[in-house]
1. Label residue 220 and residue 172 with points 7 Å out from Cα along Cα→Cβ: what is the distance between them in nm?
2. Report in % the part of the accessible area of the stretch 86-194 that belongs to carbon and sulfur, leaving out ligands and nucleic acids; probe 1.4 Å.
3. Could you order 179, 239, 102 so the one with the most accessible surface comes first? Probe is 1.4 Å.
4. Roughly how tilted is helix 117-126, in degrees to the nearest 10 and between 0 and 90, from the longest Cα axis of the chain?
5. In a shell of Cβ-Cβ distance under 11 Å around residue 308, excluding residue 308 itself, what net charge do Lys and Arg (+1) and Asp and Glu (-1) give?
6. Got a sec? Which residues in the stretch 234-275 would a label at residue 343 touch, if it sits 7 Å along Cα→Cβ and we count backbone N under 20 Å?
7. Using bins 5 angstrom wide from zero, how does P(r) for the stretch 134-284 break down, in % of all Cα pairs?
8. On C-alpha positions alone, give me the angle between the axis of helix 258-271 and the longest principal axis of the chain, in degrees, nearest 10.
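The values are calculated or read from the model by the stated rules, or taken from the named source; none is laboratory data. Because the structure is a prediction, the values reported are computed rather than measured. Every residue, glycine among them, receives a Cβ derived from its backbone with ideal geometry; neighbour counts consider all protein chains shown. Surface areas here come from the heavy atoms of the whole protein model, side chains and all, with no ligands, DNA or RNA. Shrake-Rupley method; radii C 1.70, N 1.55, O 1.52, S 1.80 Å.
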Amino acid sequence: MREITVLLTACAAQFAPGIVNCLKENGERNVRLIGVDMHEDKTLCALYDALYPVPAAADPRYAETLLSICKTERVDVLMPFMSAELLPLIDRQADFEAAGTRLSVSDRRSVEICANKLRFYEFMQASGLKVPKFRAVRTADELLPACEAAGYPEKAVCVKATELSGSRGIRILDPAKSRYDLLFGEKPNSMYTTMEELQAALRERPQMPEMMAMECLPGAEGSVDLLADHGKILYMAYRESNVNLASIPQEATLADNPEAYAIARGVIAALGFDGSADLDFRCDAEGRPVLMEVNPRIAATMRIFKEGGMNLPYLRVKQLLGESLPPASICYGLKMKRRYLEMFA
(Lines give C-alpha, C1' and ligand atoms only; values in the text may rest on other atoms or scores of the structure.)
Protein backbone atom coordinates (compact mmCIF):
# COMPACT_ATOMS: atom_id res chain seq x y z
CA MET A 1 0.00 0.00 0.00
CA ARG A 2 1.17 3.54 -0.66
CA GLU A 3 3.17 5.40 1.99
CA ILE A 4 1.21 8.05 3.86
CA THR A 5 2.13 10.91 6.16
CA VAL A 6 0.38 11.49 9.49
CA LEU A 7 0.85 14.53 11.74
CA LEU A 8 0.50 14.09 15.51
CA THR A 9 0.02 17.03 17.87
CA ALA A 10 1.23 17.04 21.50
CA CYS A 11 3.94 14.70 20.26
CA ALA A 12 6.05 15.00 23.44
CA ALA A 13 3.32 13.64 25.70
CA GLN A 14 3.89 10.67 27.98
CA PHE A 15 1.71 8.48 25.78
CA ALA A 16 3.51 9.35 22.52
CA PRO A 17 5.51 6.10 22.14
CA GLY A 18 2.32 4.04 22.30
CA ILE A 19 0.59 6.12 19.61
CA VAL A 20 3.69 5.96 17.43
CA ASN A 21 3.72 2.17 17.75
CA CYS A 22 0.05 1.98 16.70
CA LEU A 23 0.71 3.94 13.52
CA LYS A 24 4.16 2.65 12.60
CA GLU A 25 3.52 -1.04 13.36
CA ASN A 26 0.28 -1.26 11.41
CA GLY A 27 1.09 -4.37 9.33
CA GLU A 28 0.10 -2.76 6.01
CA ARG A 29 2.22 0.20 4.97
CA ASN A 30 4.95 2.66 5.83
CA VAL A 31 3.68 5.71 7.74
CA ARG A 32 5.77 8.87 7.95
CA LEU A 33 5.10 10.58 11.26
CA ILE A 34 5.38 14.33 11.73
CA GLY A 35 5.38 15.45 15.36
CA VAL A 36 4.51 18.95 16.59
CA ASP A 37 4.72 20.30 20.12
CA MET A 38 5.18 23.59 21.96
CA HIS A 39 8.71 22.66 23.04
CA GLU A 40 11.65 21.44 20.97
CA ASP A 41 12.91 18.12 22.31
CA LYS A 42 15.67 16.23 20.50
CA THR A 43 14.96 13.04 22.45
CA LEU A 44 11.90 12.68 20.19
CA CYS A 45 13.97 12.31 17.03
CA ALA A 46 13.96 8.52 17.38
CA LEU A 47 10.15 8.47 17.28
CA TYR A 48 9.30 10.85 14.43
CA ASP A 49 10.41 11.44 10.86
CA ALA A 50 10.24 15.22 11.36
CA LEU A 51 9.60 17.56 14.29
CA TYR A 52 8.23 21.11 14.38
CA PRO A 53 7.68 23.60 17.23
CA VAL A 54 4.21 25.20 17.25
CA PRO A 55 2.44 27.88 19.34
CA ALA A 56 -0.02 27.00 22.10
CA ALA A 57 -3.41 25.78 20.91
CA ALA A 58 -5.00 29.01 22.21
CA ASP A 59 -2.67 31.14 20.07
CA PRO A 60 -4.42 32.66 17.00
CA ARG A 61 -1.47 31.45 14.88
CA TYR A 62 -1.89 27.81 15.87
CA ALA A 63 -4.11 26.51 13.06
CA GLU A 64 -2.24 28.52 10.41
CA THR A 65 1.08 27.09 11.64
CA LEU A 66 -0.24 23.52 11.40
CA LEU A 67 -1.66 24.23 7.94
CA SER A 68 1.74 25.45 6.75
CA ILE A 69 3.43 22.30 8.10
CA CYS A 70 0.83 20.09 6.43
CA LYS A 71 1.51 21.77 3.08
CA THR A 72 5.29 21.44 3.50
CA GLU A 73 5.19 17.78 4.53
CA ARG A 74 2.21 16.83 2.32
CA VAL A 75 0.34 15.45 5.31
CA ASP A 76 -2.50 13.02 4.55
CA VAL A 77 -4.04 12.93 8.04
CA LEU A 78 -3.76 15.33 10.98
CA MET A 79 -4.51 13.60 14.30
CA PRO A 80 -5.07 16.03 17.21
CA PHE A 81 -4.71 14.88 20.82
CA MET A 82 -5.76 17.98 22.78
CA SER A 83 -9.39 18.94 23.28
CA ALA A 84 -8.44 22.65 23.23
CA GLU A 85 -7.27 22.49 19.61
CA LEU A 86 -10.33 20.80 18.11
CA LEU A 87 -12.55 23.84 17.51
CA PRO A 88 -9.75 26.05 16.07
CA LEU A 89 -8.95 23.22 13.64
CA ILE A 90 -12.62 22.71 12.72
CA ASP A 91 -12.79 26.42 11.85
CA ARG A 92 -10.07 25.84 9.22
CA GLN A 93 -11.18 22.40 8.04
CA ALA A 94 -11.89 23.56 4.49
CA ASP A 95 -8.37 24.99 4.22
CA PHE A 96 -6.80 21.73 5.40
CA GLU A 97 -8.90 19.71 2.96
CA ALA A 98 -7.89 22.05 0.13
CA ALA A 99 -4.27 21.26 1.02
CA GLY A 100 -4.99 17.52 0.85
CA THR A 101 -5.03 16.96 4.62
CA ARG A 102 -7.90 15.19 6.36
CA LEU A 103 -8.61 16.23 9.95
CA SER A 104 -9.42 13.58 12.53
CA VAL A 105 -12.29 15.57 14.08
CA SER A 106 -16.05 15.22 14.40
CA ASP A 107 -18.47 18.05 13.55
CA ARG A 108 -18.64 21.34 15.48
CA ARG A 109 -21.91 20.56 17.27
CA SER A 110 -20.76 17.29 18.84
CA VAL A 111 -17.34 18.68 19.76
CA GLU A 112 -18.86 21.78 21.39
CA ILE A 113 -21.21 19.64 23.48
CA CYS A 114 -18.42 17.33 24.64
CA ALA A 115 -15.91 20.14 25.24
CA ASN A 116 -17.92 21.56 28.16
CA LYS A 117 -18.70 19.02 30.88
CA LEU A 118 -21.69 20.99 32.19
CA ARG A 119 -23.21 21.35 28.74
CA PHE A 120 -22.59 17.64 28.12
CA TYR A 121 -24.48 16.66 31.28
CA GLU A 122 -27.36 18.93 30.31
CA PHE A 123 -27.36 17.33 26.86
CA MET A 124 -27.48 13.83 28.36
CA GLN A 125 -30.36 14.81 30.64
CA ALA A 126 -32.30 16.20 27.69
CA SER A 127 -31.59 12.99 25.75
CA GLY A 128 -32.96 10.82 28.55
CA LEU A 129 -29.55 9.39 29.48
CA LYS A 130 -28.49 8.72 33.08
CA VAL A 131 -26.15 11.24 34.75
CA PRO A 132 -24.89 11.70 38.31
CA LYS A 133 -26.32 14.53 40.42
CA PHE A 134 -24.65 17.79 39.36
CA ARG A 135 -24.85 21.56 39.77
CA ALA A 136 -22.98 24.48 38.17
CA VAL A 137 -20.43 26.48 40.23
CA ARG A 138 -19.59 29.92 38.83
CA THR A 139 -18.54 31.75 42.03
CA ALA A 140 -16.88 30.74 45.29
CA ASP A 141 -20.14 31.45 47.12
CA GLU A 142 -21.96 28.91 44.94
CA LEU A 143 -19.57 26.09 45.86
CA LEU A 144 -21.20 24.94 49.11
CA PRO A 145 -24.86 24.96 47.92
CA ALA A 146 -23.84 23.23 44.68
CA CYS A 147 -22.00 20.52 46.62
CA GLU A 148 -24.98 20.10 48.96
CA ALA A 149 -27.24 19.59 45.93
CA ALA A 150 -24.87 16.81 44.80
CA GLY A 151 -25.03 15.05 48.20
CA TYR A 152 -22.40 16.77 50.35
CA PRO A 153 -21.59 16.32 53.24
CA GLU A 154 -23.32 12.94 53.55
CA LYS A 155 -21.52 11.79 50.41
CA ALA A 156 -18.25 12.63 48.72
CA VAL A 157 -18.48 15.19 45.92
CA CYS A 158 -16.22 15.84 42.94
CA VAL A 159 -15.71 19.45 41.82
CA LYS A 160 -14.25 19.95 38.35
CA ALA A 161 -13.63 22.73 35.85
CA THR A 162 -16.00 22.29 32.92
CA GLU A 163 -13.49 22.97 30.12
CA LEU A 164 -10.18 21.54 31.35
CA SER A 165 -8.70 18.06 30.93
CA GLY A 166 -5.85 15.89 32.21
CA SER A 167 -6.97 16.15 35.87
CA ARG A 168 -6.62 19.95 35.82
CA GLY A 169 -9.17 21.76 37.97
CA ILE A 170 -10.47 18.63 39.74
CA ARG A 171 -10.77 18.07 43.49
CA ILE A 172 -12.69 15.61 45.65
CA LEU A 173 -14.43 16.70 48.84
CA ASP A 174 -14.96 13.81 51.24
CA PRO A 175 -15.77 14.69 54.89
CA ALA A 176 -14.99 11.09 55.86
CA LYS A 177 -11.35 11.58 54.88
CA SER A 178 -9.07 12.48 57.80
CA ARG A 179 -6.54 15.26 57.16
CA TYR A 180 -4.06 13.14 59.08
CA ASP A 181 -4.70 10.21 56.76
CA LEU A 182 -4.38 12.47 53.72
CA LEU A 183 -1.02 13.74 54.97
CA PHE A 184 0.47 10.36 55.80
CA GLY A 185 -1.57 7.95 53.69
CA GLU A 186 -1.95 9.70 50.33
CA LYS A 187 0.70 10.65 47.78
CA PRO A 188 1.18 14.40 47.10
CA ASN A 189 -0.78 14.08 43.84
CA SER A 190 -3.96 13.14 45.72
CA MET A 191 -7.11 14.97 44.54
CA TYR A 192 -8.68 15.10 48.00
CA THR A 193 -9.11 18.47 49.67
CA THR A 194 -11.47 20.19 52.11
CA MET A 195 -14.34 22.62 51.53
CA GLU A 196 -12.41 25.38 53.34
CA GLU A 197 -9.26 24.91 51.26
CA LEU A 198 -11.14 24.84 47.98
CA GLN A 199 -13.20 27.93 48.83
CA ALA A 200 -10.02 29.78 49.78
CA ALA A 201 -8.39 28.85 46.46
CA LEU A 202 -11.40 30.03 44.46
CA ARG A 203 -11.41 33.38 46.29
CA GLU A 204 -7.80 34.15 45.37
CA ARG A 205 -8.91 35.67 42.05
CA PRO A 206 -11.79 38.04 41.24
CA GLN A 207 -13.00 35.56 38.63
CA MET A 208 -12.82 31.79 38.35
CA PRO A 209 -13.33 29.27 35.55
CA GLU A 210 -16.76 27.70 35.36
CA MET A 211 -16.90 24.54 37.47
CA MET A 212 -19.46 21.93 38.42
CA ALA A 213 -20.09 19.84 41.52
CA MET A 214 -21.22 16.26 41.05
CA GLU A 215 -21.70 13.20 43.20
CA CYS A 216 -18.50 11.21 43.50
CA LEU A 217 -19.22 7.63 42.47
CA PRO A 218 -17.38 5.02 44.56
CA GLY A 219 -16.72 2.31 41.98
CA ALA A 220 -13.96 1.43 39.53
CA GLU A 221 -13.00 3.61 36.58
CA GLY A 222 -12.89 2.61 32.93
CA SER A 223 -13.43 3.84 29.41
CA VAL A 224 -14.95 2.84 26.11
CA ASP A 225 -12.68 3.83 23.25
CA LEU A 226 -14.29 3.69 19.85
CA LEU A 227 -14.47 4.65 16.21
CA ALA A 228 -17.80 5.92 14.86
CA ASP A 229 -19.31 6.77 11.50
CA HIS A 230 -21.83 9.63 11.91
CA GLY A 231 -23.54 8.19 14.98
CA LYS A 232 -22.92 4.49 14.31
CA ILE A 233 -20.15 2.74 16.23
CA LEU A 234 -17.82 0.70 14.03
CA TYR A 235 -15.39 -0.52 16.70
CA MET A 236 -15.30 -0.26 20.48
CA ALA A 237 -13.82 -1.93 23.53
CA TYR A 238 -13.88 -1.30 27.28
CA ARG A 239 -10.67 -0.70 29.23
CA GLU A 240 -10.67 -1.03 33.01
CA SER A 241 -8.36 1.60 34.51
CA ASN A 242 -6.85 -0.34 37.39
CA VAL A 243 -4.26 2.29 38.41
CA ASN A 244 -4.32 5.95 37.28
CA LEU A 245 -1.83 8.80 37.48
CA ALA A 246 -3.06 12.27 36.45
CA SER A 247 -6.00 10.62 34.63
CA ILE A 248 -3.69 8.41 32.52
CA PRO A 249 -3.94 4.65 33.22
CA GLN A 250 -0.73 3.08 34.50
CA GLU A 251 -2.34 -0.36 34.71
CA ALA A 252 -5.35 -1.42 32.64
CA THR A 253 -7.31 -4.48 31.49
CA LEU A 254 -9.49 -5.07 28.44
CA ALA A 255 -12.92 -6.23 29.63
CA ASP A 256 -16.28 -6.96 28.06
CA ASN A 257 -18.83 -4.48 29.45
CA PRO A 258 -22.24 -4.73 27.72
CA GLU A 259 -23.79 -2.01 29.95
CA ALA A 260 -21.10 0.50 29.02
CA TYR A 261 -21.43 -0.47 25.36
CA ALA A 262 -25.18 0.17 25.43
CA ILE A 263 -24.60 3.62 26.96
CA ALA A 264 -21.93 4.38 24.37
CA ARG A 265 -24.26 3.48 21.50
CA GLY A 266 -26.95 5.78 22.87
CA VAL A 267 -24.64 8.76 23.39
CA ILE A 268 -22.81 8.44 20.06
CA ALA A 269 -26.12 8.15 18.22
CA ALA A 270 -27.57 11.18 20.04
CA LEU A 271 -24.49 13.23 19.20
CA GLY A 272 -24.29 11.98 15.62
CA PHE A 273 -20.61 11.60 16.43
CA ASP A 274 -18.04 10.82 13.74
CA GLY A 275 -14.51 9.54 14.30
CA SER A 276 -12.51 8.73 17.42
CA ALA A 277 -13.85 9.16 20.94
CA ASP A 278 -12.98 8.16 24.49
CA LEU A 279 -15.92 7.76 26.91
CA ASP A 280 -14.94 7.85 30.59
CA PHE A 281 -17.01 5.80 33.03
CA ARG A 282 -17.14 5.29 36.77
CA CYS A 283 -19.17 2.60 38.50
CA ASP A 284 -21.84 3.40 41.09
CA ALA A 285 -22.32 1.61 44.43
CA GLU A 286 -24.02 -1.29 42.64
CA GLY A 287 -21.10 -1.68 40.24
CA ARG A 288 -23.00 -0.31 37.23
CA PRO A 289 -21.11 1.98 34.82
CA VAL A 290 -22.13 5.65 34.69
CA LEU A 291 -20.84 7.87 31.90
CA MET A 292 -18.79 10.78 33.24
CA GLU A 293 -17.57 12.54 30.09
CA VAL A 294 -16.68 12.14 26.42
CA ASN A 295 -13.30 13.13 25.01
CA PRO A 296 -14.01 13.76 21.29
CA ARG A 297 -10.59 12.59 20.09
CA ILE A 298 -8.05 9.78 20.33
CA ALA A 299 -7.10 9.20 23.98
CA ALA A 300 -3.75 8.52 25.62
CA THR A 301 -3.91 4.76 26.14
CA MET A 302 -4.29 3.29 22.67
CA ARG A 303 -1.71 0.56 22.47
CA ILE A 304 -3.66 -1.80 24.74
CA PHE A 305 -6.42 -1.84 22.10
CA LYS A 306 -3.90 -2.50 19.30
CA GLU A 307 -2.34 -5.38 21.20
CA GLY A 308 -5.87 -6.60 21.98
CA GLY A 309 -6.80 -6.83 18.29
CA MET A 310 -8.19 -3.36 17.48
CA ASN A 311 -5.70 -0.73 16.30
CA LEU A 312 -7.95 2.31 16.74
CA PRO A 313 -5.53 5.07 15.62
CA TYR A 314 -4.66 3.28 12.39
CA LEU A 315 -8.28 2.28 11.75
CA ARG A 316 -9.17 5.97 12.03
CA VAL A 317 -6.53 6.79 9.42
CA LYS A 318 -7.97 4.16 7.07
CA GLN A 319 -11.48 5.52 7.65
CA LEU A 320 -10.39 9.05 6.75
CA LEU A 321 -8.64 7.78 3.61
CA GLY A 322 -11.82 5.98 2.50
CA GLU A 323 -10.23 2.53 2.69
CA SER A 324 -12.11 -0.67 3.55
CA LEU A 325 -12.11 -1.46 7.26
CA PRO A 326 -11.30 -4.98 8.49
CA PRO A 327 -13.19 -6.94 11.16
CA ALA A 328 -11.73 -6.90 14.68
CA SER A 329 -11.74 -9.51 17.44
CA ILE A 330 -10.98 -8.25 20.97
CA CYS A 331 -8.70 -10.22 23.27
CA TYR A 332 -10.56 -9.58 26.52
CA GLY A 333 -8.50 -10.10 29.65
CA LEU A 334 -5.34 -8.56 28.18
CA LYS A 335 -3.50 -6.54 30.84
CA MET A 336 -1.21 -3.53 30.46
CA LYS A 337 1.28 -2.00 32.87
CA ARG A 338 3.28 1.14 32.12
CA ARG A 339 6.96 1.30 33.02
CA TYR A 340 9.52 4.02 32.45
CA LEU A 341 11.68 4.10 29.31
CA GLU A 342 14.60 6.52 29.11
CA MET A 343 15.16 8.50 25.90
CA PHE A 344 18.34 10.36 24.96
CA ALA A 345 19.53 12.92 22.45
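1. So the label points at residue 220 and residue 172 sit 1.6 nm apart.
2. 49
3. Output order, biggest surface exposure first: 179, 102, 239.
4. Long axis of 117-126 versus the principal axis of the chain: about 80 degrees.
5. Neighbour charge sum, excluding residue 308 itself: +2.
6. 245-251
7. Percent of pairs per bin, in order: 2, 9, 15, 17, 17, 17, 11, 8, 4, 1, 0.
8. Tilt relative to the chain: about 70 degrees.
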